[in-house]
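The values are calculated or read from the model by the stated rules, or taken from the named source; none is laboratory data. Keep in mind that this is a model prediction, so the values were computed, not measured. With ideal geometry, Cβ positions are generated from the backbone for all residues, glycine too; neighbour counts draw on all protein chains shown.
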Amino acid sequence: MDYKKLADLLFPDAKDISYYLEKYPKREKKDGEEILRFAPSPTGFIHMGSLFAAFVPEIFSHQSNGKFILRIEDTDQKREIDNGIENIIRDLKNYKFIIDESPMNEGKYGPYIQTKRKEIYLSFAKYLVSIGKAYPCFCSEESIQKMRETQQEKKDRIGYYGKYAKCRNLTYEEIEAKIKNGDKFVIRLKSEGDFNKKFIFNDLIKGKMEFPENDIDHVLLKSDGLPPYAFAHVVDDYLMDITTITRADEYVSSIPYHLQIWEAFGFPAPQYAHIAPLTKREGTTIRKLSKRKDPEAAVSYYSEMGIPVDAVRLYLATLLNSDFEMWYMQNPEKTISDFTFKFNKMSVGGSLFDLDKLINISKVYFSKKSANDIYEETLEYSKDYDRDFYNILLNNKEKVIAFLNIERNIPRPRKDVSCYSDVKKETSYIFDELFNEYETPKKEFYDSEILKEYFVNYYNKEDDKDTWFKKIKDLCPKFGFASETKEYKQNPEKYKGSVADVCEIIRVAITGRTMTPDLYEILKLFTKEQINERIKLFDEYLQK
Ligand code: GLU
């Protein structure tokens, strides 16, 4: 058969691929520079799984000083949703992705939306026909359906292969007649694989894998001229000069087929890294994190809660390489871009998505931030999510910053804030309008007399910390408390409690809580009037 003639018959108008090969020359890459892409379909919102799938190529490209590309895979238009592309770009921007080429900032290798690349696919399909590696198939949907039913009945493998591949051996004349008749056709790969032979593949994450060779003549180009995923990704990844393909591991079993397409073109295939899904523990089982079942799979969950984007990114980094976490804890001044990630340290079976861990990382992240930054960002967050607190923040900037500065710039800073909404929870007692109840159960030694005596005759805002504490100790014996904890422990029957208990009375009376940052610093945030008011409230609470 004269394949060249056949190719011209099927695609009289398609350009020769040399046109595109010249138009998209290989990039001038420096040593080690990697080009990676995230290639989502615009079928829904970005969720944690897709954020992670985007994070992986972004990290690996930028850590090599290469490029991170966003390509929209929209050839399956039945699944597309309105504003799908805009939503993806918006979410990636919100999550601080640095995208070097995309539909919004086209580089030399565009278009970056597959439906705009239709002519390119036609030309590449034509090329494969012209070298005898692909052929037109005129089988109707119904006849394919019938074929499948027969295969099911006979317990044969499903697919267009071997004796089932009816159009594989059509003559030029038969094809010409069908074309003249206006019959629709798809283009299929003329597979040279043998299902009984083993295909060995080395994945960057999963290592060496074995599959049967592919012998199915899959569809490369549909009758509407658009390609299914497999063909499109090969053409695009080749022309965009992608060095490593990262994608979900649901595609790994198709690798023998995908590599056949590269081989049919005679293009060297890039490396593939198949990413295991994010998983979740449910009771004793582990399952895939689900965008339908798990609220924490939605990115909006984090913005509503006020977990900063940078904290989510830090958590994604721990999912990428689990040793990142330890490194980050040990190198508090460093950040993600200072770490060298490796594909072979990625999880093979699935990374456990653990919200508690994300929250912990966020606490560490907040503990390293300045009080001023936390204040400004919380203000920004509250503007959208909590107008009342926004106004409180606006009117109390110094007080909030002073509060946030307590136990902050020290080697082991406090870790009580994991998200912007925690700032309200943690500061609520310093504001009269938010302080409404004593959260702690009353204890026997709680006493408002000692409190009154303390604030009338002992407490002085100007005292340094040692003097402040000494005064509390001095007060203890007057009310039957031991000034030293040791003394109390040796003779508990002689006392109502110790100096620690007196501090607890003061703390609970003023803040309503048994746990707060440093009491000496906390008291400084209160005016005399506020303290008197709290003593009154504490009195009422004790009498209830
Ligand atoms: N468009 C494919 C998807 O959304 C991406 C596959 C790939 O990254 O190659 O699943």
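Which numbered condition trips up residue 301, out of (1) under 30 Å from residue 166 (Cβ atoms); (2) assigned to a helix (DSSP H, G or I)?
Residue 301 satisfies every listed condition except (1).
Restricting the search to segment 59-115, which residues are part of a loop (DSSP other than H, G, I, E, B) and aliphatic (A, V, I, L, M)?
Within segment 59-115, 81, 98, 99, 104 meet the criteria.
Return the only residue of 14, 53 being among the aliphatic types (A, V, I, L, M) and over 24 Å from the mean Cα position of the chain (by Cα).
Answer to the check: 14.
Can you pull out every residue in segment 251-284 that is more than 18 Å from the chain's Cα centre (by Cα), at pLDDT 95 or above and more than 22 Å from residue 121 (Cβ to Cβ)?
If the condition is that a residue be more than 18 Å from the chain's Cα centre (by Cα), at pLDDT 95 or above and more than 22 Å from residue 121 (Cβ to Cβ), then 252, 253, 271 are the ones that fit.
Select from segment 222-256 the residues that are within 14 Å of the ligand (Cβ to nearest atom), assigned to a loop (DSSP other than H, G, I, E, B) and surrounded by fewer than 19 Cβ atoms within 10 Å (Cβ to Cβ) and list them in ascending order.
228
Scan segment 51-89 residue by residue and report those that are free of Cβ contacts under 8 Å to residues at least 24 places away in the same chain and closer than 22 Å to residue 303 by Cα.
Of everything in segment 51-89, those that are free of Cβ contacts under 8 Å to residues at least 24 places away in the same chain and closer than 22 Å to residue 303 by Cα turn out to be 83, 86, 89.
Only one of 527, 511 is under 16 Å from residue 436 (Cβ atoms) and modelled with pLDDT of 95 or more; which?
511
Kindly evaluate residue 14 against the criterion of being buried (at least 21 other Cβ atoms within 10 Å of the Cβ) and assigned to a loop (DSSP other than H, G, I, E, B).
yes
Test residue 483 against the criterion of being crowded, with 17+ Cβ neighbours inside 10 Å, of a type in the set (Gly, Ala, Ser) and over 22 Å from residue 535 (Cα atoms), and give yes or no.
In short, yes.
Identify, please: which residue in segment 48-63 is within 12 Å of the ligand (Cβ to nearest atom) and either more than 22 Å from residue 310 (Cβ to Cβ) or not aliphatic (A, V, I, L, M) (or both) and is, among those, modelled with the highest pLDDT?
It comes out as 57.
So residue 486 ticks every box in (1) assigned to a helix (DSSP H, G or I); (2) under 24 Å from residue 460 (Cβ atoms) but one. Which box is left unticked?
(2)
Would you confirm whether or not segment 178-193 contains a residue that is of a type in the set (Val, Ile, Thr), within 14 Å of the ligand (Cβ to nearest atom) and either touching a residue at least 60 places away in the same chain (Cβ under 8 Å) or under 26 Å from residue 101 (Cα atoms) (or both)?
No: zero hits.
List every residue pair whose Cβ atoms lie under 6 Å apart, where the two residues are 6 or more positions apart in sequence or sit on different chains, the first residue falls within segment 335-346 and is free of Cβ contacts under 8 Å to residues at least 60 places away in the same chain and within 11 Å of residue 320 (Cα to Cα), and the second residue, located anywhere, is of a type in the set (S, T, N, Q) and assigned to a loop (DSSP other than H, G, I, E, B).
So the pair list comes out as 345/321.
Of all residues in segment 207-221, which are assigned to a loop (DSSP other than H, G, I, E, B) and more than 16 Å from the ligand (Cβ to nearest atom)?
213, 214, 215, 216, 217 - these are the residues of segment 207-221 that are assigned to a loop (DSSP other than H, G, I, E, B) and more than 16 Å from the ligand (Cβ to nearest atom).
Check 294, 338 and return the single one that is farther than 27 Å from residue 200 by Cβ, charged (D, E, K, R) and at pLDDT 95 or above.
From the options 294, 338, the qualifying one is 338.
Could you tell me which residue of segment 398-429 is surrounded by the most Cβ atoms within 10 Å (Cβ to Cβ), considering only residues that are more than 29 Å from the chain's Cα centre (by Cα) and of a type in the set (S, T, N, Q)?
Out of the qualifying residues, it is 427.
Among the residues in segment 221-232, are any within 18 Å of the chain's Cα centre (by Cα) and small (Gly, Ala, Ser)?
no
Of everything in segment 358-397 that's among the basic types (Lys, Arg) and closer than 16 Å to residue 422 by Cβ, which residue is nearest to the chain's Cα centre (by Cα)?
For segment 358-397, the residue satisfying everything is 363.
Of the residues that make up segment 217-224, is at least one without any contact (Cβ under 8 Å) to a residue 40 or more places away in the chain and within 20 Å of residue 103 (Cα to Cα)?
no
Restricting the search to segment 460-480, which residues are outside any helix (DSSP H, G or I) and either charged (D, E, K, R) or touching a Ser or Thr at 6+ places or on another chain (Cβ under 6 Å) (or both)?
Passing the criteria: 461, 462, 463, 464.
Step by step: first the residues of segment 280-290, then only those that are in contact (Cβ under 8 Å) with a residue 60 or more places away in the chain and out of contact with any Phe, Trp or Tyr (no Cβ under 8 Å at 6 or more places or on another chain), then the one that is nearest to residue 53 (Cα to Cα). Which residue is that?
So the residue we want is 288.
Pull up segment 489-503, narrow it to residues that are in a helix (DSSP H, G or I) and free of Cβ contacts under 8 Å to residues at least 40 places away in the same chain, then point me to the one that is farthest from residue 534 (Cα to Cα).
Here the residue is 490.
If I ask for residues that are within 10 Å of the ligand (Cβ to nearest atom) and within 12 Å of the chain's Cα centre (by Cα), which ones from segment 30-47 would you list?
Once the filter is applied, which keeps residues that are within 10 Å of the ligand (Cβ to nearest atom) and within 12 Å of the chain's Cα centre (by Cα), segment 30-47 yields nothing.
Confirm whether residue 22 is at pLDDT 95 or above and either within 20 Å of residue 319 (Cα to Cα) or touching a helix residue (DSSP H, G or I) at 6+ places or on another chain (Cβ under 8 Å) (or both).
no
Just to be sure, is residue 27 in contact (Cβ under 8 Å) with a residue 24 or more places away in the chain, over 26 Å from residue 294 (Cα atoms) and within 14 Å of the ligand (Cβ to nearest atom)?
No; evaluated as a whole, the condition is false for this residue.
Select from segment 64-115 the residues that are aliphatic (A, V, I, L, M) and away from the ligand (no atom under 16 Å from the Cβ) and write down the one among them that is nearest to residue 38 (Cα to Cα).
Among those residues, the one meeting the criterion is 98.
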